[in-house]
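Participant: Have a look at the structure that comes next, please.
The values are calculated or read from the model by the stated rules, or taken from the named source; none is laboratory data. In this text the structure is predicted, and so the values were computed from the model without any measurement. Every residue, glycine among them, receives a Cβ derived from its backbone with ideal geometry; neighbour counts consider all protein chains shown. Surface accessibility is based on the protein's heavy atoms, side chains included, excluding ligands, DNA and RNA. Shrake-Rupley method; radii C 1.70, N 1.55, O 1.52, S 1.80 Å.
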Amino acid sequence: MLNIVLFGPPGAGKGTQSELLIKKYQLTHISTGDLFRKNMSENTELGLKARSYIDAGNLVPDEVVIGMVESKIKESGDVKGFILDGFPRTVAQAKALDVVMTKIGHPISAMLSLEVADDELRARLTERAKTSGRADDQDPEKINNRIRVYYSETQPVISFYEAQGKHKAIKGLGDIQGIHGLICSEIDQL
Ligand code: ADP
């Protein structure tokens, strides 16, 4: 199985690149942001739990996210591999993911980390706000909070995968197809 963690700060292009990778490698997409937004639009119990955190640009508590991803992986059955987009976002989530993948006998193959400077992230999120309809994109203070949370809680996940020799840095600036090419060349070397 090819199991990829696609990692990066908010606005780095994880969603866009995931779409291209799913088509090329026939992977099953698990985007925690998309799953939360679907649950929020359907007003499920999970959606109601997550909304206040997401709208403020904070992380949803680990136990809520981990439970959601675990059930998604377990219910997927026989697949070629997973692309995890927006997860893990804390070291506790990364550890929990390792436990699940070990249990199913298919560890994470690589963690591909999109690197984009903060000014560019702010510009992309502000632009996305015009069409995304996402409450967390609308307010510059919420955008700044998400970037702050990325540095304090999410960036440490890089060292976790570095220690396993699985971290690959990808320059996330440039055109979409060019970045896709860089990601594919990392995957094709696995
Ligand atoms: P972005 O990468 O643009 O911030 P996402 O769609 O990945 O957007 O996530 C949107 C929001 O959903 C996050 O700001 C956070 O509140 C919540 N979220 C998504 N994934 C996780 C996660 N793994 N852990 C905690 N919260 C999460």
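Participant: Do the sum for the chain: with -39,500 (n - 2.57) for every DSSP H run of n ≥ 4, divided by all residues, what is the mean residue ellipticity at 222 nm, to the nearest 500 deg cm²/dmol?
Facilitator: The per-residue figure over the chain is -17500 deg cm²/dmol.
Participant: Taking the convex hull of the alpha carbon atoms in region 75-119, what volume per residue do you get, in Å³?
Facilitator: 100 Å³
Participant: Taking the Cβ-Cβ separation of GLU141 and THR102 as r and a Förster radius of 30 Å, what is the calculated FRET efficiency to the nearest 0.05?
Facilitator: After rounding, the FRET efficiency stands at 0.15.
Participant: So, with a 1.4 angstrom probe, what is the percent of accessible area on region 135-190 that is carbon and sulfur?
Facilitator: With neighbouring chains kept in place, the figure for region 135-190 is 54 percent.
Participant: If you add up the charges near HIS29, with Lys and Arg at +1 and Asp and Glu at -1, over every other residue whose beta carbon is less than 13 angstrom from its beta carbon, what do you get?
Facilitator: Cβ neighbours under 13 Å give a net charge of +3.
Participant: Additional query: Starting from the Cα of ASP55, move 7 Å in the Cα-to-Cβ direction to define the label point; list residues of region 115-153 whose amide nitrogen is under 11 Å from there.
Facilitator: 135-136
Participant: Please report the net charge: other residues with Cβ closer than 11 Å to the Cβ of ALA56, K and R +1, D and E -1.
Facilitator: -1
Participant: Could you tell me the ratio Rg/Rh of region 112-185? Both radii from Cα atoms, Rh via Kirkwood.
Facilitator: Expressed as Rg/Rh, it is 1.02.
Participant: A further question follows. Considering all alpha-carbon pairs of region 14-74, what whole percent are spaced by more than 20 angstrom?
Facilitator: 33 percent
Participant: For region 2-184, what is the accessible area per residue in Å² when the probe is 1.4 Å?
Facilitator: 48 Å²
Participant: Alpha carbons only, please: Rg and Dmax for region 2-184, in angstrom.
Facilitator: Just the Cα atoms of region 2-184 yield Rg and Dmax of 15.6, 43 Å.
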